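Q: Dumping the structure here so I can ask a few things about it.
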Amino acid sequence: MASRPLSPGLARKASDHLLDTLGAMVAGQDEPPARAARAVFRRPGPVPLAGVAGLWHNHATLDPLDAAFVNAVAAHCLEIDDTEGCDHSGAVVVPVLLSLLPAMETPVGEVPDDGAGPGGRLLPALVAGYEVGRRVQLALGGYDRHNARGWHSTATCGVFAAAAAASVMLGLDGGQSASALGIAASSSAGGWAFSADGSMTKQFHPGQAARAGLEAALLARAGANGPWQVFEPVWGGFFATHAGLPGGPDGVGSDEVEPRLLVEGLGSIWHFGNSAIKPYASCRSAHTAIDAFLGILAAEALDPADVRAVRVHVSDFLQPMICPPAPSDAAQARMSLPVSLALLMEGKELMPEDFRHFEGPGVLEQLARIEVVRDPESGREPLVEVFTDSGTFASRVDHARGGSRHPLSPAEVEEKFRRLTAGHLGTAQQAEWIAFARELIQP
């Protein structure tokens with residue numbers, strides 16, 4: 001799968017997502033899921049944990065497959081990584097690319113005549129991973145439909161994103177890349193059962209996808225073949241097993257699947273452009289409601305102390321996702337829209353550390369003021385009502401901050417990176433990492 005130069009706009013966006021994921025990866029490295037992953041996936045090798053070769057000093061190194069798993073888990077631990085690709089594409093794709101850097105012959109930032117060095121391949125490989133992961137998700141019927149069936153698309157679609165990114169980074173040809181995707185399909189799995197109790201499988205899913213996709217590409221490079229008809233309507237094909245497309249012995253079909261979206265506009269339509277960088281460390285599906293609440297405060301010149309009560313109307317699909325049972329830890333709290341609103345009412349900014357206060361007396365008092373209404377007619381994005389002594393105000397936001405309609409600026413991305421890594425990197429190291437991401441887009 002050959003790489004080719006990116007447009008300046010795509011390259012700049014890819015640099016933003018690379019830097020953003022590096023920040024999330026460093027910030028999450030000491031969280032419980034990441035520690036558990038390090039305890040199991042610990043074979044020694046050349047890849048630095050939570051870092052890039054040459055930039056991470058005096059840190060343990062791992063085998064590429066183990067490093068891809070551990071770094072991917074770390075990137076997703078704090079719910080601050082990017083979204084809207086396969087879902088959490090950065091946490092899947094970036095660790096795969098970093099795991100391959102030490103084996104590349106050309107130093108980062110130097111592009112050989114054939115354009116095939118890390119500087120010439122890394123960002124195209126990143127975009128390819130995001131693009132393939134998103135197209136697989138869209139072909140399955142889109143995020144809502146696929147996830148409503150109980151699948152977590154970060155895992156099920158992310159494995160294709162990882163395989164595609166690795167195929168570009170490794171310079172695989174078309175046949176090898178097709179085999180990599182076919183092999184990866186056999187590892188496509190992961191459900192939403194974690195939402196009921198806040199267990200760690202959500203954080204493990206990017207690691208699962210990253211490791212399996214990288215492994216598939218390495219196997220393909222070594223001569224292994226995979227099924228080329230994995231996206232065809234055959235028994236055991238991807239759509240037949242994950243969405244009920246005709247081709248199985250039971251004849252079950254689905255009008256939700258659109259295989260044409262795998263290739264429609266390929267090379268001219270870039271779904272990667274819709275990937276979002278999060279301003280808040282919470283489930284992305286809660287962000288429009290968060291923006292609606294903050295928008296009401298700003299528009300009406302209200303302080304959080306002015307809020308007497310909040311009512312949120314959520315759809316049947318979103319209710320179990322962003323309004324789960326009372327959280328038992330900070331990770332589950334980050335999935336909770338009511339907790340996010342309560343923290344905002346306490347004056348917090350919804351950074352990762354803020355959610356450690358989810359059981360604080362003030363937060364619990366604010367939670368008692370928040371009502372969630374399960375409303376099948378509410379639409380995809382929640383309706384937020386804010387009650388104050390001066391009146392009741394309502395708002396619904398269709399496009400959350402950080403997405404393609406309201407993107408964070410490169411300066412905002414860099415400031416987020418500095419904030420996330422402040423407890424782990426010194427100022428000089430932060431500057432090195434920012435330079436690493438930015439020098440890749442220099443002509």
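What follows draws every value from the coordinates through simple rules; no lab data is involved. Just so it is clear, the structure is predicted and the values come from calculations on it, not from any experiment. All Cβ positions, glycine included, derive from the backbone under ideal geometry; neighbour counts span all protein chains shown.
Q: By how many nm would the segment from Ala394 to Thr201 grow when fully extended, if each residue of separation counts as 0.36 nm and the alpha-carbon distance is taken off?
A: 65.9 nm
Q: Would you work out which of Leu138, Met200, Leu100 lies farthest towards the positive end of the dipole of the chain? Charges go on Cβ: Lys and Arg +1, Asp and Glu -1.
A: Farthest towards the positive end: Leu100.
Q: Quick check: residue separation of Ser268 and Glu353 times 0.36 nm, minus the Cα distance between them. What number comes out in nm?
A: Details: separation 85, 0.36 × 85 = 30.60 nm, distance 4.03 nm.
Contour length minus Cα-Cα distance gives 26.6 nm.
Q: Still on this structure: As a footprinting exposure proxy, order His88, His76 by other Cβ within 10 Å, with the fewest listed first. Write out the running numbers ahead of the final one.
A: On the way: His88 31, His76 28.
By the 10 Å Cβ count, ascending, the order reads His76, His88.
Q: Nearest 500 deg cm²/dmol is fine: what mean residue ellipticity at 222 nm does the chain get from its DSSP H runs of n ≥ 4 alone, each adding -39,500 (n - 2.57), divided by its residue count?
A: Numbers: 18 runs with 200 residues, N = 443.
Value at 222 nm, helices only: -13500 deg cm²/dmol.
Q: Between Glu365 and Phe317, take the C-beta separation as r, use R0 = 22 Å, and let me know the FRET efficiency to the nearest 0.05.
A: Numbers: r = 30 Å, r/R0 = 1.35.
Taking R0 as 22 Å, the efficiency between Glu365 and Phe317 is 0.15.
Q: Can I ask one more? Which whole-Hz ³J(HN,Hα) couplings does segment 175-188 yield from phi under the Karplus relation 6.51 cos²θ - 1.76 cosθ + 1.60, θ = phi - 60°, glycine and proline marked x?
A: My calculation for segment 175-188 gives x, 5, 5, 4, 5, 4, 5, x, 5, 4, 4, 6, 9, 7 Hz in order.
Q: Taking 30 Å as R0, compute the FRET efficiency from the Cβ-Cβ separation of Ala435 and Asp30 and round it to 0.05.
A: On the way: r = 25 Å, r/R0 = 0.83.
After rounding to 0.05, the efficiency reads 0.75.
Q: In addition: Need the list of aspartates and glutamates near Lys202 for cross-linking: C-alpha distance under 15 angstrom, and skip anything on the same chain fewer than eight residues off.
A: Partners found: Glu31, Glu79, Asp81, Asp82, Asp87, Asp329.
Q: If amide H atoms are built 1.01 Å from N in the plane of the peptide, which residues on other chains or at least 5 residues away come under 5 Å of the amide H of His88?
A: Under 5 Å from the amide H of His88: Thr154.
Q: When every alpha-carbon pair in the chain is counted, what percent end up more than 38 Å apart? Walk me through the numbers on the way to the answer.
A: Values: 20113 of 97903 pairs.
Result: 21 percent of Cα pairs exceed 38 Å.
Q: Treat each spin label as a single point 7 Å out from the Cα along the C-beta direction, and report the Thr241 to Ala193 distance in nm.
A: Here the answer is 1.8 nm between the modelled labels.
Q: I need the peptides 332-341, 65-74, 411-420 ranked by packing, meaning the mean over residues of other C-beta atoms within 10 angstrom, with the highest value on top.
A: In descending order of packing, they fall as 65-74, 332-341, 411-420.
Q: Among the lysines, select those whose C-alpha is under 20 Å from the C-alpha of Lys348, and discard any that sit fewer than 8 residues away in the same chain.
A: Partners within reach: Lys278, Lys416.
Q: Work out the FRET efficiency for Asp63 and Arg380 from their Cβ-Cβ distance, taking R0 = 35 Å, and round it to the nearest 0.05. Please report the intermediate quantities before stating the final value.
A: Working: r = 42 Å, r/R0 = 1.20.
Using R0 = 35 Å, I get an efficiency of 0.25.
Q: Same structure again: Take the alpha carbon atoms of segment 284-395, find their radius of gyration, then divide it by 2.2 N^0.38 Å using N residues; give the quotient.
A: Details: Rg = 12.9 Å, N = 112, 2.2 N^0.38 = 13.2 Å.
For segment 284-395, the normalised Cα radius of gyration comes out at 0.98.
Q: Determine the dipole magnitude for the chain: charges of +1 sit on the beta-carbon of Lys and Arg, -1 on that of Asp and Glu, nothing else is charged, the reference point is the Cα centre, and the result goes in debye to the nearest 20.
A: On the way: 33 positive and 50 negative charges, 137 e Å.
Using only the charged Cβ atoms, the result is roughly 660 debye.
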